[in-house]
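Have a look at the structure below, then the notes.
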Amino acid sequence: MVQVQVPFRSRYTPPPPTRWDAWERRHSPLGPYPGPNRRKGGGRLVLASNRLPVTLTPKPDGRWQSSPASGGLVSALWPILSRRGGVWTGWTGAPGAGQAELDGALESLPGGDRCRLQAVALTEEEVESYYGGFSNQVLWPLFHGFSHLCRPAPHFWESYRRVNARFADSLTACLRWDDLIWVQDYHLILLGKELRERGLDHRMVYFLHIPFPPLELLERIPGHRELVEGLLHFDLVGFQTIRDREHFLDAARQLFPESFPPESGIPDPVLDGRQILTGIFPISIDFQGYSGDAHGSVVLALEQAIRNQARGRTLLLGVDRLDYTKGIPEKLKGLDLALERWPELRGSVVLKQLVVPSRDTVPAYRDAKAEIEERVDALNRRWGTADWVPVEYRYESWTRAELLAHYRAADAALVTPLNDGMNLVAKEYVAANAGSGVLILSVFAGTAGELGESALLVNPSESDSVAAAIRQAHVMAPEERRARMDQARNQIRSHDVHRWVKHFLEAGIRIR
Ligand code: GDG
């Protein structure tokens, strides 16, 4: 076995390794998990997320065709929803589409008859102010540390509160006494409080998919006290990393010191006599799904075509949703520097960068796109030759087969966010690649807590660390590549999204 070592000693501090059992150990006084039961919270699973897990496609007659969305969270939650029975509440994602348009979405799924999708209707104005406004122009930039991009408008906050209240009304109408309510992400932070104000004493758990910011950032926006207080109405609040949980506890301690009685004996807060637990639950992917589907015949044929196109060059891959948090310009700067520093890389490496269209009505996203495209052009003009284009840029989305084929074909994946709750692309690359791909990973992705030892860790703001990692991936010996990939695969295989869901729900059922 080749000794795997992190080759870059940089000025940044790598995150503490994420230990999945940390939550278990810390709360061991609660005793063992009692198993599925009909105690409070042991009944159906009721999920609330901004978007319902459906894809709506317009039909020629002006109506909609609905089908279940794919994706790790849906595939992990579906078996549990269909077994326990449940409801998933959310917005359809299409202004004008409501409950009627959801008919048929569950028909094709096993156990679909035991579950229900419940639409929360949003007006166009609410889509603009609650979703595009407070969620995506205030909470998203602020929680990722981009406070200079926050654009709070007074009506955003009002709309956010109103829509959270609407979700609460929608849920209240369908609940049974023993339901476990699981709220997802930053769009619905106030939902727990809204439900408690309606007299509900249900077990309610919450998971934040994005980072939680330090209080000095949080304080810059209207409603910051209400947001922290909102989370205190859940029984369990889950975060991706140790750092996010610490930021939350620190903010709650400073804003609500009375919720931290010294006699409670654990660092978590208490509200209205109810103990709130916080935990670290790094989200993952369906490892077997990615790894198995990556062997399909369509994927293999596409992979061969991609390899042929690369003509023996080292293929670097970037897959990012269009977002200023994803560090795409920094990735390009790193490649530019690598080409400048190591002439042997010229003509020998190619970066295929997919940017998936996202939130393109928000000005900061249009600016981000323009900056990326300028950098790609400049880099290609500076280094490109008659038969070599260093960056192949695509602004589109790929089918799952295309995505898997690229994961398989890529000699290295460049995942360089400036801040990211987790980053599933890194985990998917590891699951699908199977060969000897190298993962170049930002120390600021939540994933670094799990893959920090097997990946080449970089600080995307330090171009020389990105450049050095690109070169390292280009020259790395096959044995080292294989050893690193095996180590990464073992981690993700044993910590997949199914384990994540089980772990989270067990914690949710065990509390109180
Ligand atoms: C948020 C947090 C956290 C992308 N392009 C295509 C495509 N994708 C899929 C990827 C992956 C997903 O989209 C992106 O997930 P990420 O985790 O990378 O990023 P966010 O969208 O920002 O997600 C993040 C996550 O929530 C979960 O908690 O990890 O930190 O920001 O699954 O595969 N899929 C297909 N075609 C594409 O073109 N089929």
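Size descriptors for segment 246-351: radius of gyration and Dmax over Cα atoms are 24.4, 67 Å.
Across every pair of non-identical alpha carbons in segment 287-494, the mean reciprocal distance, once inverted, gives a Kirkwood radius of 16.9 Å. Each DSSP beta bridge with both residues in the chain is either parallel or antiparallel, and the antiparallel ones are about 15%.
Comparing ALA168, ILE242, HIS503 along the charge dipole axis of the chain, the residue lying farthest to the positive side is HIS503, per the Cβ-charge model.
Full extension of the segment from THR55 to HIS148, taken as 0.36 nm per residue of separation minus the current Cα-Cα distance, would add 30.1 nm.
Estimated at 0.36 nm per residue, the fully extended path between ALA121 and ASP377 surpasses their Cα-Cα distance by 87.9 nm. Beyond 21 Å, the tail of the calculated P(r) for segment 95-252 holds 50 percent of the Cα pairs.
Pairs exceeding 24 Å between alpha-carbon atoms, taken from LYS59/LYS352; LYS59/LYS326; LYS193/LYS326; LYS427/LYS502: LYS59/LYS352; LYS59/LYS326; LYS193/LYS326. Label positions at ARG114 and GLU158, each projected 7 Å from the Cα along the C-beta direction, are separated by 4.5 nm. Each part reduced to its alpha carbon centroid, segment 230-262 and segment 435-455 end up 28 Å apart.
Over segment 287-494, what percent of the accessible surface lies on carbon and sulfur atoms, probe 1.4 Å? Answer for segment 287-494: carbon and sulfur cover 48 percent of the accessible area.
Only beta bridges with both residues in segment 377-477 are counted; by DSSP, about 10 percent of them are antiparallel. Here the simple spin-label model places points 7 Å from the Cα toward Cβ, and for ALA477 and LYS502 these points are separated by 3.8 nm. Coupling constants for segment 187-198 follow from the phi torsions by the Karplus curve (6.51 cos²θ - 1.76 cosθ + 1.60, θ = phi - 60°), and in residue order they are 6, 10, 5, 8, 5, x, 5, 4, 5, 4, 5, 8 Hz; glycine and proline get x. Return the FRET efficiency for the residue pair CYS174, TRP388: r is the Cβ-Cβ distance, R0 is 51 Å, and the value is rounded to the nearest 0.05. Working from the Cβ atoms, E equals 0.30. Using only the C-alpha atoms, the convex hull of the chain corresponds to 158 Å³ per residue. Once all protein chains are placed together, ARG176 keeps about 130 Å² accessible to a 1.4 angstrom probe. Taking each residue as 0.36 nm, the span from ASP272 to ARG220 lengthens on full extension beyond its C-alpha to C-alpha distance by 16.0 nm. Within segment 287-494, DSSP assigns beta bridges of which about 5% are antiparallel (rounded to the nearest 5). Summarising the amide proton neighbourhood of VAL438: residues at separation of 5 or more, or on other chains, whose placed amide H is nearer than 5 Å comprise ALA412, ALA413. Centre-to-centre, using Cα atoms only, segment 75-99 and segment 355-387 are separated by 35 Å. Taking R0 as 25 Å, what FRET efficiency do you get between GLN99 and THR361 from their Cβ-Cβ distance, rounded to the nearest 0.05? After rounding, the FRET efficiency stands at 0.45.
The values are calculated or read from the model by the stated rules, or taken from the named source; none is laboratory data. Owing to the predicted nature of the structure, the values given are computational and were not obtained by experimental measurement. So basically every Cβ, Gly included, is an ideal-geometry build from the backbone, and we count neighbours across all protein chains shown. We work out accessible area using only protein heavy atoms, side chains counted, and drop any ligands, DNA or RNA first. Shrake-Rupley method; radii C 1.70, N 1.55, O 1.52, S 1.80 Å.
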